[in-house]
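The values are calculated or read from the model by the stated rules, or taken from the named source; none is laboratory data. Note that this is a predicted model, so its numbers are computed, not measured. Cβ: placed from backbone, ideal geometry, glycine included. Neighbour counts: every protein chain shown. Just so you know, the surface numbers come from the protein's heavy atoms only, side chains and all, with ligands and any DNA or RNA stripped out. Shrake-Rupley method; radii C 1.70, N 1.55, O 1.52, S 1.80 Å.
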Amino acid sequence: KHSCFETVDLSDYDFRSPSPGFGGFGLRSQQVQTPPKPPTSVSANLEAELCALLPGESDGLSRLQGFIRDAQKSLQGIAKLDLVDNWIKDPAMKDDTATCEEEFAAATTDVLTKRTAVSLNLVCLSLAAHLVTTELSDMEESMDSSCDVQLNAYRDRLFASLPPFLTLLNRINAVRAIRGRTVVQKIVSLGSVWEESKKLHEHANDYVDSLCDFMALIWRCLVSDACRLPQGIVTTIWDNIVRAGYMCLLDGFSKVTTCSTEGRALMSMDLASYFSGVSPRSLSGKLQVDPPLPLPARNDQHVEWKGRVDTYIKIYYFPPKDALAWVKENYQHHLPGHSLALALSTASSAQEAKKVAKWVKQLYDQGDNG
């Protein structure tokens, strides 16, 4: 159900005993001289994991799962659903020149809009199902009552499944558009940069600027004449892309198992740079064209998403007891893997880490059952 609890590798974690002289402050972020470790591996299914509904958003998820399973059974032998993703493939970037990057952004936006159109077709299908069942209900005298019941039941299940389904589709489209797995891999591959304890960084890491520049190109394509999506749909796409960026940052930071205090400060700097880089003002500076392109409206959710990542970074400075209390209070707003990584950082031994991992798993299992 939550695969992160089954695949956790405790060898990645540098367990250390608390030092009484510091009272627990910052102990889990202090630099310890240890041999370099290979970068933490990034799951091939990472992008799907980043799109998962949070425990606090999972209302209706069980109905959606049942609806999809029944649909798969009905289509078995008729359509190969494992090949559906090949109908609209992600573009491939041949080189990293500026011209190629613009072409890649245009191709990415084209795929993004096509996938969004598929999502919107689901809404049309739901409305059509509603209209059909309504019309048939007015003709009850000329139709089999059992057929009427089945159609109404299908319509109700479709309507109940639609909100979480659209949410998941929008998130998947956004994460794949910005190549979420690549972003997380870049964060993790920095390795020793996060562990340095004698260097204060003045600038954010380069991957942040690259991500923001690419997202600016996507926005330019979304609001160009070639893209004919309604403004409301464009805004929804952009908000999901921005959220995907925050989720990539959070996931990448959670996979940094050894980090100095200066490394945590650099994470905060990366976060602030991303927040600034996707702001309307920054987009205006990046896209200096005549006539000026429309800019996205301010969205308070962006501030909320930034706050969640910022708080997550700062919790690593907390004493272990307070950090675990925070996990218990806020786990519904985070993916299981993120809560698990934070909780494991409080452990001073492999045995204690196993107990902590079991405790976090119980939190999420309790949420699933409640």
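The slack between Asp90 and Leu54, meaning 0.36 nm per residue of separation minus the straight C-alpha distance, is 10.4 nm. With each label modelled as a point 7 angstrom along the Cα→C-beta vector, the Lys198-Asp70 pair spans 6.6 nm. Candidate cross-link partners of Lys286 among the lysines, defined by an alpha-carbon separation under 19 Å and a same-chain spacing of 8 or more, are absent.
Gain on full extension, evaluated as 0.36 nm per residue between Asp225 and Cys100 minus their Cα-Cα distance, stands at 43.0 nm. Expressed as a whole percent, the accessible surface of region 268-333 that belongs to carbon and sulfur atoms is 54, based on a 1.4 Å probe.
Taking a straight line from the alpha carbon of Lys73, these lysines sit under 30 Å away, with near neighbours fewer than eight places off in the same chain left out: Lys1, Lys89, Lys114. Straight Cα distances below 17 angstrom link Lys255 to the lysines Lys37, Lys186, Lys314, with same-chain residues fewer than 8 positions distant left out. The listed residues Glu329, Glu57, once ranked by accessible area (1.4 Å probe) with the largest placed first, stand as Glu329, Glu57. In the context of the full set of protein chains, region 204-323 has a per residue accessible area of 42 Å² (1.4 Å probe).
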